Every structure is written in C-alpha cells, then in structure tokens.
Amino acid sequence: MRRRPGYILRADGSRKRKQAGEYLMRKRKFVLVEPKSTHLHVYSRYTIPRLGVILLGTMLRDRGWDVKVYIEDVSPVDMDEVLSADIVGVSSLTSTAPQSYKLGELVRSHGIPVVMGGTHVTFCPDEALEYADYVVRGEGEEALFELIDAMDGKGPFENILGLSYWKSGKKVHNPDRPLKEDLDSNPIPDYSLVEGWHSNAIISIATSRGCPFTCTFCSVPGMYGHGFRMHSIERVIEEIRVNKPQYIFFADDLFTANRKRTKDLLRRMIEEGLTPQWGAQVRIETAFDPELLALMKESNCFNVFVGFESINPKTLDLFNKRQTYEKIVASIKKFKEVGIRIHGMFVVGSDADDKETIYETSRFAREYGLETIQLMILTPLPGSPDYDQFYATGNRELLSKDWSLYDGHHAVYRPKNMTAYELNVAAIDAMEEFYSWKTILQSVLRKDIISTIIQTSSKNLLKEWKKQNKDYIQGLRDQVFDKAKEVAVHGDVNLSYRIGVPRFILDAEIGKSLTSFMTELGISVVPFGGSSRDSGGTLASGLDWLRGKVDCIVMPVMEKSGHGQEEIYDKIQRLWKSLPRQKEDLPAMVKLFLDRQDGSLYSSMAQIAAIFTKDLDKVHKAYRSIMPSLSGNEVLTHVPVESKPVILRV
C-alpha cells in the first residue's frame, strides 16, 4: 500500500497534517475526554458516569474510528494517546471548564483539532472557542458527524446547526439545532470503551431526555428542553440485558415525568427478570401514586434521589418548585412505608434563606430518617434562569468567576441574609451534623450496611473537603473582617464603640433599622452632616468633629436612582463629592449599599459589626431582629417533627 500524507481540513481553510508514516487507509483516531473537577464534591467517592462521551465514542467506533474514551473520574488521561489523535473531543461541565480549557489549549498547541461539547460550553461558546477549534452546542450526536464530514471537505461548515467555530479570525455561531426526537436511533453506549472500566457494578442508563419543570437554578431545560423525549421500552430493556449491571442509575432528568410509561417499563423489567437494584431522580409527586410505588419496590428500587430543594416555603416559591412543605413530609413517609431509601437533595442560600434555614434542613433530614443528603449551595450555572436573570445581566454580584468553584460546594455570590462566609460554613457544617456518628450508629443498629458505608465515607469526605478548602473559606471570612483590619491599621485599638452616620440617612427608614441593629450590638450611632434638610454636601466640618470620636464612618451608596428615591440619591452623590482628597487621617469608611438586592446591605452591616465583635452568630441574631423593618422577610424557625413549618416574624 502506497503511503502519502493525509490532512484534516479546518473551517478556516487551514490543514492539520497527519503524523509522518501513517497509512492513508489506517483507522483515524478520535480521543474523547471528560475531565474531572479539581475539587472534592458530593460524588467524589462514587463515580456515576455521564453518558455523553461514551455514546459518542460508541458511534465513532461503529463508523470505523479508532476510539479512546477517558473519564478522568474513572482513570487518568494518557496524554500520549491524546496527542496521537487525529481529533480530540472534550466534554465540559461548568465546574470542569478550566480543566477542559487547559486540555484544549495543550492539544491545539500540538496542531490537533479540538472539539468541545457539554452543558457549559453550550451556553458559553465564545469563551470556549478561545481554547477549541469547534464547539458543538446542545445535543451533539448529529452535529459531530456533520462536522467530521466538513473537516474532510465533504460539506460546508455553515450548514451545521448547533456549531460554533472560527472563520477568517472571527467566531461564528450557526443557528441552534432542533432537539433529537428519535433517541432509539442512537446505539447502546459501550462502557468497554472507557479506559480503566473494569466493572458493571454501577451503570447509567438514560431512558429519556428533557424536563417539563422550570426550577430557577437548573440548566437542564436549557440544554435538553422542556419536552419529554423517550427511548422505547424495548430499547431500555435491551440496554439492561446487554450491560447486566448490579445497580442502575437511571440518568433521566426526571425518571417519573410520564408515570404511565414508567409503570410500563417497570412491569417489563419484572416480567423479563431484569431487576437489578436501581435508583433515579424523582420529584415528590412520585410518592403519591400507590401503583407506581408498588412497582418500584417490586422491581428492586434501592433508592430515590429526591429534589426536595428546601423546607422553607418562601424558597420553594422562589425556586418555582410547585410543592409544599406538607407534601415533602408526606412523600418521605410514603417512600419509607415501602422501604425505599431516600437521598435528599437540597439547595441552600436563596434570598429567603438564612443560616438557621440551613441548619434546620439538616435537623429535618435527621428527624425524618433520610439515609443520605446533599446541601448544595445555590450556584448561578450558565443556562439556568437564575444565571440569566441575576448574574449575566450584572444585577447580582459574583464573588468569583473561577468556574472550578461552581460545584455547589463553594459560595460564589453574595447571599441576601448572611455573608458568603456564613453560607459556605453553614452548608458544610450542617452536612457534617447530618453525617454524625449518631446517624451512622443508627444505620448500624438497623443493620443497614450500605447506608453505614456511604455515611461514613461522606463524613470523611467532608473532613477532607474542609482541609483542602480552608484557604477559600478563610478568604470569604477575610472579606467580612477587612474593615476591622483597616480600623486596626489606623492604630485605634481602644475602640469607642461609636460609628458616624450621615444625619439624612438616620432620618430615613433605613436609618432606624441601622440604629436598631447597632443598639443590639452595644454600638452607638453618631450623626454628622447637619439636618435632614441639608444637601449632604456640608461634610468637612462634620468630619473634623468626628476625628477621634468614632471608629468608622458609614458612607451610603446608591448606584442608581429609583422612583421616589431621587432626593436621597442626589444627597448621596453630593456627599461623596464633598469628601476631602486626603482621607488617610479619617476613620475607616464602610460602604452601605442601599439599592442592591444581592446581600450587599447585610454584608455592609456585618462588616461594621465585625469591627467590634468576632461573634458572627451575635451579628446574625441582631440582623434577624430587624429583618421585618428592612424587607418584610419572614424567618423560618425550628420545624417540629409532626407539624407544618412555623413562620414567625422576629
């Protein structure tokens, strides 16, 4: 056979030469990689494979490619194999995006085309194209093979729906591709393609795609749509038969979205004798269908992953969950009655949550006997309604754009009723409270060996997480206490426990709340700047008088003027303009944001209080005492085991 050079055509017209000595007719190599997160997370101890790279690898293999699939949570990536590929595909979640980009950059530096896909890059294609030649947005089964044909010169790149790419030095985004309707046309994913895969102990099987619900924190509908597309029951049965797993995780976004179809599938599994232990993601409505529950138990359902999300009614409303606390309690009892284990999934840190909500959630889970839980910190994932509404528009302040921290275990935004530090600490500590030796002992006494193992592993995982992330937590804490350090720098270590506040702010409604908050903490408020009728510009003499008499000065901030706020907005602007150029000899200044809805007000007040006390629990209690006067919020107090939640105004 005659040897000659081979090339792959890129969209920009350039070519990538195949390695010297390759035969024209040899199988071309496609390496697919799913990087792992750089941080420990809730599934770090137990790998439940995502199906994207396995399915695409199977399709490539069936079309004659030499395929290598690396899921880094399963085994390390062999870079020699990666760099010997003709094309490299990289799948990315938001939390793995930095690792995906790092890999893409390295591969491209060796002249190898890089194709990226997955949830994160679907919603951030401009960002991803800085590290890839092509981005396949959304579902990629059809687009990938059209792309390969175009790279071989067999079709135009412009016609590939869902493709983003470079052309003449510019980024091009083709129109979106319609969602795939005929899921059965895809082959059964072949797990043997995954490097290092030696066991069928846990297998993921997706029987459907899409979710009809609209939870505000979730990016699934943005990726897979609100419609519900299904594999045929015959196809699902065949997939179970081929894989012969010990445990199936049905990887549907919502396994029981169509309950009739779910019942038909479970009946077939029972009839065929294909009933390994299995688990799936469900909503609480599942528990209120007795026939479905009976079939789940008979077909060997081991556990359900239930999206409770919150026990705070106001948070449930904010999340658009369309469920109530009472229904949550009732569903737990019904799952328990048939002996199905519950993995409770909660999202903490909404604008209606505070620290007590988080600890209350852990107590709730223990009291109702949930076997395992996860308390995920609300995270603005690209593609979710929360991200689009609050963060992409700049209406909420992000504390970090390091995507590796977007894993549900790191506070990356400013919550409303607590500091980010308090949110992060509470989420981890509350999980530690749940995974206590008491919980583990209870599992041992009821001879639940599997729960004992998982709970013990989770306890150790949390301990390791705190060790690995202590610098991040310390950084969040430093943000709370940075003004306290600034006061110390001024040398006034003998605190007067007095703060200066512009008089026109004290005369406003917020001033009453601020005064009440400080009084709770034993701090006096000293007005300056004349009467409420003053313009806010007569500050110089007031500042002279404040020197040596207060520990810090509260400076109000309004970034824009709302309706009816024009007068106070104007005063604040003049106040800032009147500041002397030299401020080194003035007391420390703390900005008090009055027009943000992102927690800046609480964070500012906490910063002031932290100058005088390190007891943030005391600070939080003082803030809770004035919350109704600030926003009319209601506070969730302890929930008795056999009653509905008690909502009190405090």
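The values are calculated or read from the model by the stated rules, or taken from the named source; none is laboratory data. All of these numbers come straight from a predicted model, not from anything done at the bench. Methodologically, a virtual Cβ is constructed for each residue, glycine included, from the backbone with ideal geometry; neighbour enumeration extends over all protein chains shown.
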| message | Restricting to the range 223-259, and then to whatever is under 16 Å from ASN186 (Cβ atoms) and acidic (Asp, Glu), can you tell me which residue is modelled with the lowest pLDDT? | response | ASP252
| Can you tell which of ILE373, ILE440 is at pLDDT 95 or above and surrounded by fewer than 22 Cβ atoms within 10 Å (Cβ to Cβ)? | ILE440
| query | Scanning the range 430-449 for residues that are aliphatic (A, V, I, L, M) and free of Cβ contacts under 8 Å to residues at least 40 places away in the same chain, which turns out farthest from GLU367 (Cα to Cα)? | reply | ILE449
| said: Cβ-Cβ under 7 Å, sequence separation 6+ or interchain: first residue in the range 613-635 and farther than 19 Å from SER600 by Cβ, partner surrounded by fewer than 16 Cβ atoms within 10 Å (Cβ to Cβ) and modelled with pLDDT under 90. Which pairs? | reply: SER625/VAL650; PRO628/ARG649; GLU634/ILE647; GLU634/ARG649; VAL635/LEU648; VAL635/VAL650
| query | So TRP437 clears everything in (1) of a type outside the set (Lys, Arg); (2) touching a Gly at 6+ places or on another chain (Cβ under 8 Å); (3) farther than 22 Å from SER350 by Cβ except one condition, right? Which one? | reply | (2)
| task | Report the residue count in the range 401-449 for those that are part of a helix (DSSP H, G or I) and farther than 18 Å from GLN479 by Cβ. | result | 18
| Criterion violated by PRO527 - all others in (1) buried (at least 19 other Cβ atoms within 10 Å of the Cβ); (2) modelled with pLDDT of 90 or more satisfied | (1)
| said: Condition (residue is among the small types (Gly, Ala, Ser) and not in a loop (DSSP other than H, G, I, E, B)) applied to the range 80-89: is it met by at least one residue? | reply: yes
| task | Return the only residue of GLY542, GLY548, GLY537 being touching a Phe, Trp or Tyr at 6+ places or on another chain (Cβ under 7 Å), at pLDDT below 85, over 23 Å from ASP351 (Cα atoms) and surrounded by fewer than 21 Cβ atoms within 10 Å (Cβ to Cβ). | result | GLY542
| task | From the list SER204, SER164, pick out the single residue that is at pLDDT 95 or above, of a type in the set (Gly, Ala, Ser) and touching a strand residue (DSSP E or B) at 6+ places or on another chain (Cβ under 8 Å). | result | SER164
| For the range 451-483, which residues satisfy the criterion of being more than 30 Å from CYS552 (Cα to Cα) and in contact (Cβ under 8 Å) with a residue 40 or more places away in the chain? | SER451, ILE454, GLN455, SER457, SER458, LEU461, GLU464, TRP465, GLN468, ASN469
| field | Members of the range 139-184 found to be touching a Phe, Trp or Tyr at 6+ places or on another chain (Cβ under 8 Å), within 30 Å of HIS231 (Cβ to Cβ) and buried (at least 18 other Cβ atoms within 10 Å of the Cβ), listed by number | value | GLU139, LEU147, ALA150, LEU163, SER164
| field | Residue within the range 75-86 that is free of Cβ contacts under 8 Å to residues at least 40 places away in the same chain and in contact with a Lys or Arg (Cβ under 9 Å, 6 or more places away or on another chain) present | value | no
| task | Hey, can you tell me all the residues within the range 357-369 that are touching a residue at least 60 places away in the same chain (Cβ under 8 Å) and either within 30 Å of THR122 (Cα to Cα) or touching a helix residue (DSSP H, G or I) at 6+ places or on another chain (Cβ under 8 Å) (or both)? | result | THR357, ILE358, TYR359, THR361, SER362, ARG363, ALA365, ARG366, TYR368
| Flag for ILE237 being in a helix (DSSP H, G or I) and closer than 12 Å to ASN300 by Cα | no
| For residues in the range 313-354 being in a loop (DSSP other than H, G, I, E, B) and either of a type in the set (Gly, Ala, Ser) or in contact with an Asp or Glu (Cβ under 6 Å, 6 or more places away or on another chain) (or both), which is nearest to MET376 (Cα to Cα)? | GLY349
| said: For the condition under 32 Å from the mean Cα position of the chain (by Cα) and on the phi > 0 side of the Ramachandran plot, what is the one hit in GLY279, GLY222, GLY227, GLY210? | reply: GLY210
| field | Matching residues in the range 92-108 - criterion: being among the polar types (S, T, N, Q) and assigned to a loop (DSSP other than H, G, I, E, B) | value | SER92, THR94, SER95, THR96
| task | Would you be able to tell me the number of residues in the range 124-158 that are in a loop (DSSP other than H, G, I, E, B) and either closer than 19 Å to VAL220 by Cβ or of a type in the set (Gly, Ala, Ser) (or both)? | result | 8
| Residue check: is GLY383 part of a loop (DSSP other than H, G, I, E, B) and without any contact (Cβ under 8 Å) to a residue 40 or more places away in the chain? | no
| task | Working only within the range 240-270, note down all residues that are part of a strand (DSSP E or B) and either more than 31 Å from the chain's Cα centre (by Cα) or surrounded by 21 or more Cβ atoms within 10 Å (Cβ to Cβ) (or both). | result | ILE248, PHE249, PHE250
| note | Checked the range 65-90 for anything among the small types (Gly, Ala, Ser) and modelled with pLDDT of 95 or more; matches are SER84, ALA85, GLY89
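So that you can scan it fast, the table gives a plain yes or no per residue for (1) more than 16 Å from the chain's Cα centre (by Cα); (2) charged (D, E, K, R):
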position	(1), (2)
SER310	no, no
LYS321	yes, yes
LYS327	yes, yes
PHE335	yes, no
VAL338	yes, no
ILE342	yes, no
VAL348	no, no
ASP353	yes, yes
GLU356	yes, yes
